Each structure stands twice: as C-alpha cells, then as structure tokens.
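Enquirer: What follows is a structure written as structure tokens; I'll ask about it next.
The numbers here are math on the coordinates, done by the rules we state, and not lab data. Just so we're clear, the structure is a prediction, and the values are computed from it rather than from any experiment. When we count neighbours, we look across all protein chains shown, and the Cβ atoms used for this are built from the backbone with ideal geometry, even at glycine.
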Amino acid sequence: MAVHYAEDPASQSIEITVDGRVTRDDWEQVVPKFEAFMNEHGTIRLIEVVNSLDGFEMGMIWDGIKFDFKAVPHISHCAVVTDIAWMSPLTRAAGAVMPMKMRVFPLAELTAARRWLQSEDR
C-alpha cells in the first residue's frame, strides 16, 4: 500500500502519506475513512506528505477530481510536505484559487508543517 492514512479527532485533522504508485486499493481504503471523518467534523485540516509519487492507476484521475470537488469546501487548511520539485509551484498555484489556506513545506520540515496546521487560526 503506497498510501498511509491517519486522523486526529482532537485537532480535526487528517494526515495522508504517499510513497509510490497510488492504486485503486489505496483509494478504496482511504476515501471512505476521509469522507466519514469529514462528515463527522464538518471542517477539517489536511496534511499531505508526499515522499514519492510514481503516478496513479488508470481511471483514478477522474475519481480524484470528483472527490476533490466534494472535499475542498470542508478543508480549511492544507499543508503539502514534499521534496518533489514540480509539486511546490503546482501547490502554490492551486492555493491561489482554493478556498483554503495552503502551504508547502520540504520533507525536512514535517514537524513545522504539523505545527502550522495545528496552530494556524486557533
């Protein structure tokens, strides 16, 4: 499994770690938990740690886009933690049009990203 999912009800946050190729099985393991947590808490905070990304199984991109449209209104803050060079400018561009606060952190600053996510506007 290339995706690890963890949630913290006390801070209303989810942490997703990606390391490798995201499969349909990963999707089916994570999305129901994410939706249930989102439905329970309303507004959540998200941290995405991307150690490596070797792509997605075919057909998953459209499912991801549909899920994003449903989830984005419920996410107040998103921290993307990665050393993948192309992800930083893409995340910053997305952050300019998303209705949430977004920040990018290098992997070495994972602790700082978690701290930002937990302390921002609290």
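Enquirer: Once both labels are modelled 7 Å past Cα along the beta-carbon direction, what's the Asn51-Ala71 spacing in nm?
Expert: Each label point is offset 7 Å from its Cα along the Cβ direction, giving 1.9 nm.
Enquirer: Suppose each label sits 7 Å from its Cα in the direction of the beta carbon; what would the Met100-Glu35 distance come out to in nanometres?
Expert: So the two model labels end up 1.7 nm from each other.
Enquirer: On full extension of the chain, what length is gained from Met60 through Ser11, given 0.36 nm per residue of separation minus the C-alpha to C-alpha distance?
Expert: Answer, rounded to one decimal: 14.7 nm.
Enquirer: Of (i) 13.6, 40; (ii) 17.4, 63; (iii) 13.7, 47, which one was derived for Rg and Dmax of the Cα atoms in Å from the structure shown?
Expert: (i)
Enquirer: Just want to confirm a number: the relative contact order over the chain, from Cα pairs under 8 angstrom separated by 6+ residues, in percent. Please list the in-between numbers first.
Expert: Values: 191 pairs, mean separation 28.2, N = 122.
Across the chain, relative contact order equals 23 percent.
Enquirer: Further, regarding this structure: Only four residue types carry charge here, +1 at the Cβ of Lys and Arg and -1 at the Cβ of Asp and Glu. Report the dipole size of the chain about the Cα centre in Debye, rounded to the nearest 20.
Expert: 440
Enquirer: Cβ under 13 Å from Thr91's Cβ, Thr91 left aside: what net charge do those residues give with Lys, Arg +1 and Asp, Glu -1? Before the final figure, lay out the partial values.
Expert: Details: positive: Arg92, Lys101, Arg103; negative: Glu48, Asp83.
In short, +1.
Enquirer: Skipping prolines and chain starts, which residues have an amide H placed within reach, meaning under 5 Å, of the one on Ala2, given they are 5 or more residues away or on another chain?
Expert: Amide H neighbours of Ala2: Thr23.
Enquirer: Taking every DSSP beta bridge with both residues inside the chain, roughly what % is antiparallel (nearest 5)?
Expert: Within the chain, antiparallel bridges account for around 20 percent of the total.
Enquirer: Calculated from DSSP H runs of 4 or more alone, at -39500 (n - 2.57) each and per residue, what is the 222 nm mean residue ellipticity of the chain, nearest 500? Provide the component values of the computation, followed by the final result.
Expert: Numbers: 4 runs with 51 residues, N = 122.
That comes out to -13000 deg cm²/dmol.
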